[in-house]
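Asker: What follows is a structure written as structure tokens; I'll ask about it next.
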Amino acid sequence: MMSSGCEDSSVNTMGIRGIPEQCGCVRNCLNIKIVFMIYEAVYEEVQDALPKVECFALDVMKIKMEIESMKTVEEELKEDVRKASNELKKLNVIMKVGFLVVCLGVVICLVLIIFDKADGLSLNSY
């Protein structure tokens, strides 16, 4: 509250907030009184904004923590992809070797059958 005789000059009078449109004693207002009214109104606006700013700051901190968590998860997933890629390469080599062994087995069987028929022997004699 102000100590001057102007009732409407205080922004806290009757629950009105902000910069007043007009002071009741316009003719008698000094520059100091106007500056004080503006200062008081700006101070109230800043006080009203502080909780919102703190809320935004907390939200920003939460988002930063989530980003760091996601970066960690991303690195873990990249490592899993590298491991899976290496495992697929190994399995591909094993599959090729297995296919080669099967092909060689088929060729050997065919060669034995051909030589067996050429010699007149049967496979049942083995």
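The values are calculated or read from the model by the stated rules, or taken from the named source; none is laboratory data. Just so it is clear, the structure is predicted and the values come from calculations on it, not from any experiment. Methodologically, a virtual Cβ is constructed for each residue, glycine included, from the backbone with ideal geometry; neighbour enumeration extends over all protein chains shown.
Asker: Just checking, does the range 103-121 include any residue being surrounded by 10 or more Cβ atoms within 10 Å (Cβ to Cβ) and at pLDDT below 75?
Answerer: So far as the range 103-121 goes, yes, one or more of its residues are surrounded by 10 or more Cβ atoms within 10 Å (Cβ to Cβ) and at pLDDT below 75.
Asker: Another one. For the range 81-102, check the following and say yes or no: at least one residue is among the polar types (S, T, N, Q) and either under 28 Å from the mean Cα position of the chain (by Cα) or modelled with pLDDT under 95 (or both).
Answerer: Initially, the range 81-102 is screened for residues among the polar types (S, T, N, Q), giving 85-86, 92.
Now drop any that are not either under 28 Å from the mean Cα position of the chain (by Cα) or modelled with pLDDT under 95 (or both), which leaves 85.
The answer is yes, given that some residue of the range 81-102 is among the polar types (S, T, N, Q) and either under 28 Å from the mean Cα position of the chain (by Cα) or modelled with pLDDT under 95 (or both).
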